[in-house]
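**Student:** What follows is a structure written as structure tokens; I'll ask about it next.
The values are calculated or read from the model by the stated rules, or taken from the named source; none is laboratory data. For clarity, every value in this text was computed on a predicted model and none was experimentally measured. Using ideal geometry, Cβ is built from the backbone for each residue, glycine included, and neighbour counts are taken over all protein chains shown.
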Amino acid sequence: METIPMSDDATSDKPSQTFKDLELKGWNQKARDYGDYAGQITRQAVEPLLDAVEVEAGSVFLDIATGPGYTAGAAQARGAIATGVDFSAGMIDEASRNYPTALFYEGDAEHLVFPSGFFDAAVCPFGLLHMADPDKAISEAYRILKPGGKFAFTVWAPPEKHAFFELVLGAISRHGSMAVTLPEAPPFFRFSEPAESQKALATAGFSDITISELTLHWQPTSGQELLDTIYKSTVRTAMLLEAQEATNREKIHSDIIAAVAESTDPIELPWPAVIAVARKPL
């Protein structure tokens, strides 16, 4: 199965906007709808992430790429002193509405404004795959942690283990093209490979690294709901579909809808994720 490309040397036209520009624009546009769509899936990882970094009452906690604030809000419910940061002003607005007593800041995960050695624990839920320099973000997470502090992140499992990505990328391969003009960006599934996550965390200075799988679940009511989820609450996957020729895109849509219609009722889509956990040495 091919992965999601973000650049194509076979095309001569270069996008005028950077990957980071389009990510920011996309998340600002989709912030209000996210909770009704992809948020149903990603919020299932909140408690496993908090357990992994041992958040408890009194923990000074940072939620990096907080989105609508789910993990920061849950940390606060445990009695932690919770802060969330996201580069999308739209997402920060949503997080502040959802959890008005938590602290949320608009900011760049690759250049955190917080002092070194300040937090007991930090997480990044499904954020690294949307960053232009994820290694810098991991290094920043290391910097802001106290010695002995823990960091965890989640990403999606490889496409061959993931029914959603097999369905969508398969339809694109059959009816469209994976070679479309999109801004240069890190590989979407880079951290889905345990060896890559291990290497990146160790390079940043982390120790006691563990990588495991976490299976989330979703029951879309139809293929149209699956398409709505892509367009209303994802950015990289939506960009790939939007870059297709119009006639091919319609064929891709029809293929996805037909495939879901053939599934059992109710539709059950497992959403396997990878969770990586590490500690900053004392």
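**Student:** I need the full set of residues from region 130-172 which are farther than 19 Å from Phe189 by Cα and either in a loop (DSSP other than H, G, I, E, B) or among the hydroxyl-bearing types (Ser, Thr, Tyr) (or both), in order please.
**Tutor:** Correct list: Ser139, Tyr142.
**Student:** Starting from residues that are among the β-branched types (Val, Ile, Thr) and surrounded by fewer than 17 Cβ atoms within 10 Å (Cβ to Cβ), keep the ones in region 193-211 and report whichever is nearest to the chain's Cα centre (by Cα).
**Tutor:** Among those that are among the β-branched types (Val, Ile, Thr) and surrounded by fewer than 17 Cβ atoms within 10 Å (Cβ to Cβ), it is Thr210.
**Student:** So which pairs qualify, if the first residue must be in region 197-211 and closer than 17 Å to Pro186 by Cβ, the second must be of a type outside the set (S, T, N, Q) and buried (at least 22 other Cβ atoms within 10 Å of the Cβ), the Cβ gap must be under 6 Å, and the two must be at least 6 apart or on different chains?
**Tutor:** That search, which allows pairs on different chains as well, returns Ser197/Phe191; Ser197/Ala276; Ala200/Ile138; Leu201/Ala278; Ala204/Ile138.
**Student:** Does Glu94 count as in contact with a helix residue (DSSP H, G or I) (Cβ under 7 Å, 6 or more places away or on another chain) and assigned to a loop (DSSP other than H, G, I, E, B)?
**Tutor:** Against the criterion (in contact with a helix residue (DSSP H, G or I) (Cβ under 7 Å, 6 or more places away or on another chain) and assigned to a loop (DSSP other than H, G, I, E, B)), Glu94 does not qualify.
**Student:** Please determine, by comparing only the residues of region 132-161 that are among the aromatic types (Phe, Trp, Tyr) and surrounded by fewer than 24 Cβ atoms within 10 Å (Cβ to Cβ), which one is farthest from Leu112 (Cα to Cα).
**Tutor:** In this case the residue turns out to be Trp156.
**Student:** Among the residues of region 49-79, what is the count of those that are in contact with a Phe, Trp or Tyr (Cβ under 6 Å, 6 or more places away or on another chain) and either β-branched (Val, Ile, Thr) or surrounded by fewer than 22 Cβ atoms within 10 Å (Cβ to Cβ) (or both)?
**Tutor:** The qualifying residues number 2.
**Student:** Right, something else. Being of a type in the set (A, V, I, L, M, F, W, C), surrounded by 14 or more Cβ atoms within 10 Å (Cβ to Cβ) and touching a Phe, Trp or Tyr at 6+ places or on another chain (Cβ under 9 Å): is that true of Ile230 here?
**Tutor:** It is true that Ile230 is of a type in the set (A, V, I, L, M, F, W, C), surrounded by 14 or more Cβ atoms within 10 Å (Cβ to Cβ) and touching a Phe, Trp or Tyr at 6+ places or on another chain (Cβ under 9 Å).
**Student:** Going through region 217-248 one residue at a time, which ones are polar (S, T, N, Q) and touching a residue at least 12 places away in the same chain (Cβ under 8 Å)?
**Tutor:** Those that are polar (S, T, N, Q) and touching a residue at least 12 places away in the same chain (Cβ under 8 Å): Gln219, Thr221, Ser222, Gln224, Thr229, Ser233, Thr234, Thr237, Gln244, Asn248.
Yes/no per residue for (1) outside any strand (DSSP E or B); (2) at pLDDT 95 or above:
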| site | (1), (2) |
| --- | --- |
| Gln17 | yes, no |
| Leu24 | yes, yes |
| Gln29 | yes, yes |
| Arg43 | yes, yes |
| Val46 | yes, yes |
| Leu62 | no, yes |
| Thr66 | yes, yes |
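**Student:** Limited to region 162-176, what total is found for residues that are more than 24 Å from Ala246 (Cα to Cα) and either buried (at least 21 other Cβ atoms within 10 Å of the Cβ) or modelled with pLDDT of 95 or more (or both)?
**Tutor:** Going through region 162-176 one residue at a time, the tally reaches 1.
**Student:** Considering only region 81-126, how many residues are among the small types (Gly, Ala, Ser), over 24 Å from Ala57 (Cα atoms) and buried (at least 22 other Cβ atoms within 10 Å of the Cβ)?
**Tutor:** Qualifying residue count for the region: 2.
**Student:** Would you be able to tell me the number of residues in region 205-219 that are among the aromatic types (Phe, Trp, Tyr) and in a strand (DSSP E or B)?
**Tutor:** Selection size over region 205-219: 1.
**Student:** Residue check: is Ala179 among the aliphatic types (A, V, I, L, M), closer than 22 Å to His130 by Cα, surrounded by fewer than 16 Cβ atoms within 10 Å (Cβ to Cβ) and out of contact with any Cys (no Cβ under 8 Å at 6 or more places or on another chain)?
**Tutor:** Spelling it out, Ala179 is indeed among the aliphatic types (A, V, I, L, M), closer than 22 Å to His130 by Cα, surrounded by fewer than 16 Cβ atoms within 10 Å (Cβ to Cβ) and out of contact with any Cys (no Cβ under 8 Å at 6 or more places or on another chain).
**Student:** Scan region 257-282 for residues that are among the basic types (Lys, Arg) and either modelled with pLDDT under 90 or assigned to a loop (DSSP other than H, G, I, E, B) (or both) and report the count.
**Tutor:** Qualifying residue count, region 257-282: 1.
**Student:** Can you report the number of residues in region 220-252 which are assigned to a helix (DSSP H, G or I), of a type in the set (S, T, N, Q) and farther than 19 Å from Gly67 by Cα?
**Tutor:** Total meeting the criteria: 3.
**Student:** Considering each residue of region 97-110, count those that are out of contact with any Gly (no Cβ under 7 Å at 6 or more places or on another chain) and part of a helix (DSSP H, G or I), and give that number.
**Tutor:** 1
**Student:** Quick check, is Ala75 under 20 Å from Tyr34 (Cβ atoms), touching a Cys at 6+ places or on another chain (Cβ under 9 Å) and of a type in the set (A, V, I, L, M)?
**Tutor:** no
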